[in-house]
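Peer 1: First, the structure itself, so that you have it in front of you.
The values are calculated or read from the model by the stated rules, or taken from the named source; none is laboratory data. From a predicted model like this one, the values you see are computed outputs, not experimental measurements. Reconstructed Cβ throughout: ideal geometry from the backbone, glycine too, with neighbour counts over all protein chains shown.
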Amino acid sequence: MKKVIVFVLAMCFGSLAFAGEQKKDVTERLQMASDVLTQMVAAPDKGIPEEVIDNAKCIAVVPHLVKGGFVFGGKHGRGVATCRTADGWSAPAFISVGGGSAGLQIGVEGVDLIMLIMNDKGMQQLLSSKFEISGEGSAAAGPVGRHASAGTDWKLDTQMLTYSRSKGLFAGLTLEGAVIQQDNDSSISVYGRDTTFKSVLQGKVATPEIATHFMKTVSDTAHKAKVQEARDDKK
């Protein structure tokens with residue numbers, strides 16, 4: 001009997017310790033995502049154009065996506081996503097990005113990644129909680145600079161525009177074949193087991209306190225883009 005009690009207590013303390021570590025990881029990820037969004041939008045001459053931000057349905061940020069390997073490359077990272085709702089931006093949903101690609105690759109690279117969902121079709125795919133990036137036009141490298149070129153078709157068919165900032169040995173980033181899905185462990189640690197990925201992104205769940213700074217960063221970024229675009233339209 002004593003052994004059973006000791007085992008149960010060990011399991012409980014182990015679960016609490018894991019939950020604590022998971023929440024700490026989520027808090028750090030939200031802070032890093034805020035920093036990445038701020039820095040990549042404001043990058044001189046290479047930032048995300050205000051027209052693109054202003055038209056995005058959802059924003060997903062994956063700080064320090066790891067890409068690399070030998071012979072078979074791979075991608076893996078965890079981040080956060082938020083979508084526009086009638087009342088502003090939704091609480092953050094926690095995502096993971098994974099996938100492999102064949103090819104001779106040596107080394108490991110950390111990449112900060114921003115994915116902007118640009119239309120309703122892309123938004124519905126994100127709401128499904130798991131989808132693979134495949135097919136022409138599903139994801140494309142986004143335009144950079146203060147303004148998006150009027151000659152591009154980024155408003156028409158592209159479901160997702162991607163922006164990456166490399167820190168390691170490789171240049172560029174291909175997301176073809178990558179799978180984006182709900183990060184269950186992080187979601188449970190913040191919202192509990194009864195909260196669905198879709199309900200979070202549809203704005204049916206309140207923003208947790210640990211995500212306040214991230215949500216302010218998103219709101220401020222979108223607001224600045226809208227104001228600047230309106231000013232530029234008047235010129």
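Peer 1: What are the residues in segment 192-203 that are in a loop (DSSP other than H, G, I, E, B) and either of a type in the set (Val, Ile, Thr) or in contact with a strand residue (DSSP E or B) (Cβ under 9 Å, 6 or more places away or on another chain) (or both), if any? I'd like the intermediate steps shown before the answer.
Peer 2: Going residue by residue through segment 192-203, those that are in a loop (DSSP other than H, G, I, E, B) are 192-196, 202-203.
If the condition is that a residue be in a loop (DSSP other than H, G, I, E, B) and either of a type in the set (Val, Ile, Thr) or in contact with a strand residue (DSSP E or B) (Cβ under 9 Å, 6 or more places away or on another chain) (or both), then Thr195, Thr196, Gln202, Gly203 are the ones that fit.
Peer 1: Hey, among the residues in segment 45-75 that are part of a strand (DSSP E or B) and under 27 Å from Gln202 (Cβ atoms), which one's modelled with the lowest pLDDT? Steps first, answer last, please.
Peer 2: Taking segment 45-75 first, the residues part of a strand (DSSP E or B) are 58-68, 72-75.
From the residues that got through so far, the ones that are under 27 Å from Gln202 (Cβ atoms) too are 58-63, 65.
Values: Cys58: 96, Ile59: 97, Ala60: 95, Val61: 95, Val62: 92, Pro63: 92, Leu65: 81.
Filtering first and then ranking leaves Leu65.
Peer 1: Which residue, of Lys198, Lys204, is at pLDDT 85 or above, surrounded by fewer than 18 Cβ atoms within 10 Å (Cβ to Cβ), charged (D, E, K, R) and under 16 Å from the mean Cα position of the chain (by Cα)? Lay out the reasoning, then the answer.
Peer 2: On the way: Lys204 fails: under 16 Å from the mean Cα position of the chain (by Cα).
Going through Lys198, Lys204 in turn, the sole match is Lys198.
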